[in-house]
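Working notes for the structure below.
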2 protein chains.
Amino acid sequence: MAVVMKGIDVVNAMKEKMVREVEELKQKGINPCLAIVRVGSKPDDLSYERGAIKRCEGIGITCRVFEYDQEISQQELVKEIKNINDDKEIHGILLFRPLPKHLNEDEIKYLVSPEKDMDCMNPINAAKVFAGDSSGFAPCTPEAVIEVLDHNKIPIEGSRVVIIGRSMVVGKPLSMLLLKRNATITICHTKTKNLEETCRNADILIAAAGKARMVTGAFVSEGQVVIDVGINVDAAGNLCGDVDYDEVSKIAGYVTPVPGGVGTVTTSVLAKHVIRAASKG
Amino acid sequence: MAVVMKGIDVVNAMKEKMVREVEELKQKGINPCLAIVRVGSKPDDLSYERGAIKRCEGIGITCRVFEYDQEISQQELVKEIKNINDDKEIHGILLFRPLPKHLNEDEIKYLVSPEKDMDCMNPINAAKVFAGDSSGFAPCTPEAVIEVLDHNKIPIEGSRVVIIGRSMVVGKPLSMLLLKRNATITICHTKTKNLEETCRNADILIAAAGKARMVTGAFVSEGQVVIDVGINVDAAGNLCGDVDYDEVSKIAGYVTPVPGGVGTVTTSVLAKHVIRAASKG
């Protein structure tokens, strides 16, 4: 049976370090503060927000929620974000997407100050991830994958990593983060031929396709490291990943569960970003 | 023996189309114009410049060379680029890099207007390539690779492409362009294990490592498509690619020569970008 790489173990290890860092910042008179910008009140956003606040406050980071009406105008939202950009007490911004359709998200994403952009919304941060320049902020989820691998002492350099999925939220930025760590990366997707065989040849297999339990035992080889970034709801209404956990955990060497795997770590990465932004500020 | 994919055939096919497009623009009173910005006079830059001017003028595109002294100050160069950005008669800018060391290239690259940035210098264009958004300008060399593949009717969708090299000039942007075309891409580099085997498993192998003749027969399988993006000078002072052409052409199905392959096509892509910029202007 595979070793289960639980998110909570990564979270606890990260917390210990971050609590100390926040204390040091506070001794210098810096109070790390995250602005959570939310338009409307979608249940998913509210749920993530609660988790983010709990995680951040547990570390000593202040969270300020900026909630706007679903009907807010572009002009109004632009003005609000400019104010938050200019507010010296705020070090990081998390803005929930997608925005309602009447808003021009493209304008907004360029507007969020790159220095406060905690989840790689601004293309300037995306370009830095692409270029392997770590001075910007990568999106939280791919960085959470790296934290899980590092915490479990999985070697990245020289390893063959296969990623299923090519989104700008996970697949593409994760491929660049792993490339910077000297992995050999393969990006697969719906048009990939011989997908199962390609996946079996990986040292590390990362599922970020958004398709419930698509990674069956046939995708996995003995001893492989399998990371599940999917968060899906199956036909029976249960939360599940992209990996068929029951099948895969019998074959793989290491596996992350869903829930309780990578997703658990993303808000710790968010907190880490806020601390880094506050340290620079 | 492999089919030789000559750059000149691609160039001629592209030229025919572009000549018509330029004529149509001129009938509308638009004269496509490229600004070539050069600091100092490095022989490589001058050589590329001559080729670019010849290619562009052959299609009916005007080129204006802005040559600056090696010792130009940052302030002065910034002012000059702002003027070129603002000049409505100029549709595209090609700026030779690297700039001399006393200049801050990072400031300059953000300064070049994304709409006139013909070779993906501005991170806003890089972020678009990363995101698969084709509204920006990709760098010329990776796009030249795509032109070579398309001209030779090599199927990209669903094919397994292995790229050796992860630069921001070729490897990384090319991987994103191919991913957008639904290839399954693998990026290899100096830390890749089993490099030869990985390369042999590709349908299309692209060498962009900058290492003379490193791709020997052992990297290639029967019938494979091999694209050589390398431009090196060997110990004997001869121009050569990353591919050992003599060995590889006996095994591969298709191969590009060096010189006379991908490199020949880059200035045609540059011209294509100028026409596109002029059409929007």
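The values are calculated or read from the model by the stated rules, or taken from the named source; none is laboratory data. Computed from a prediction, not measured in an experiment: that's the story for all the values here. Counting neighbours? That spans all protein chains shown, and the Cβs are built from the backbone with ideal geometry, glycine included. What goes into the accessible areas is simple: the full protein's heavy atoms, side chains included, and nothing from ligands, DNA or RNA. Shrake-Rupley method; radii C 1.70, N 1.55, O 1.52, S 1.80 Å.
In segment B:39-64, the residue that is farthest from B:Glu147 (Cα to Cα) out of those that are open to solvent by less than 20 Å² (accessible area, probe 1.4 Å) and part of a helix (DSSP H, G or I) is B:Asp45. For the list (1) surrounded by 24 or more Cβ atoms within 10 Å (Cβ to Cβ); (2) in contact with a Phe, Trp or Tyr (Cβ under 7 Å, 6 or more places away or on another chain), I need the number of the one condition that B:Val265 fails. Tallying (1) surrounded by 24 or more Cβ atoms within 10 Å (Cβ to Cβ); (2) in contact with a Phe, Trp or Tyr (Cβ under 7 Å, 6 or more places away or on another chain), B:Val265 fails exactly one: (2).
If you check A:Val248, A:Val243, A:Val220, A:Val225 for being within 30 Å of B:Arg166 (Cα to Cα), surrounded by 19 or more Cβ atoms within 10 Å (Cβ to Cβ) and touching a helix residue (DSSP H, G or I) at 6+ places or on another chain (Cβ under 7 Å), only one passes: A:Val220. Restricting attention to segment B:212-221, does a residue exist that is within 14 Å of chain A (Cβ to nearest Cβ) and not charged (D, E, K, R)? Taking every residue of segment B:212-221 in turn, none turns out to be within 14 Å of chain A (Cβ to nearest Cβ) and not charged (D, E, K, R). Does any residue in segment B:256-281 that is at positive phi come within less than 7 Å, Cβ to Cβ, of a residue that is open to solvent by less than 20 Å² (accessible area, probe 1.4 Å) six or more places away or on a different chain, and which pairs are these? Close Cβ pairs (under 7 Å, with a partner that is open to solvent by less than 20 Å² (accessible area, probe 1.4 Å)) amount to B:Gly260/B:Gly7. When segment B:3-38 is filtered for residues that are surrounded by 19 or more Cβ atoms within 10 Å (Cβ to Cβ) and outside any helix (DSSP H, G or I), the ones remaining, listed by number, are B:Met5, B:Pro32, B:Cys33, B:Leu34, B:Ala35, B:Ile36, B:Val37. May I ask you to verify whether B:Cys199 is in contact with a Phe, Trp or Tyr (Cβ under 6 Å, 6 or more places away or on another chain), within 12 Å of chain A (Cβ to nearest Cβ) and hydrophobic (A, V, I, L, M, F, W, C)? Spelling it out, B:Cys199 is indeed in contact with a Phe, Trp or Tyr (Cβ under 6 Å, 6 or more places away or on another chain), within 12 Å of chain A (Cβ to nearest Cβ) and hydrophobic (A, V, I, L, M, F, W, C). Would you confirm, using the coordinates I've provided, whether B:Lys42 is in contact with a Pro (Cβ under 9 Å, 6 or more places away or on another chain), in contact (Cβ under 8 Å) with a residue 40 or more places away in the chain and among the basic types (Lys, Arg)? No. For segment A:206-247, the set of residues classified as part of a loop (DSSP other than H, G, I, E, B) and out of contact with any strand residue (DSSP E or B) (no Cβ under 8 Å at 6 or more places or on another chain) consists of A:Thr216, A:Ser221, A:Glu222, A:Gly223, A:Ala235, A:Ala236, A:Gly237, A:Asn238, listed by residue number. Which helices (runs of 4 or more DSSP H) does segment B:118-189 wholly contain that include 1 or more residues that are at the interface with chain A (Cβ under 7 Å from one of its Cβ atoms) and buried (at least 23 other Cβ atoms within 10 Å of the Cβ)? Output list reads B:123-131, B:171-180.
Can you find even one residue in segment A:230-250 that is under 17 Å from the mean Cα position of the chain (by Cα), closer than 24 Å to A:Val129 by Cα and more than 14 Å from chain B (Cβ to nearest Cβ)? Yes, some residue in segment A:230-250 is under 17 Å from the mean Cα position of the chain (by Cα), closer than 24 Å to A:Val129 by Cα and more than 14 Å from chain B (Cβ to nearest Cβ).
Conditions first: (1) within 14 Å of chain B (Cβ to nearest Cβ); (2) part of a strand (DSSP E or B). A:Tyr110 passes all but one, so which condition is the exception? Result: A:Tyr110 passes all but (2).
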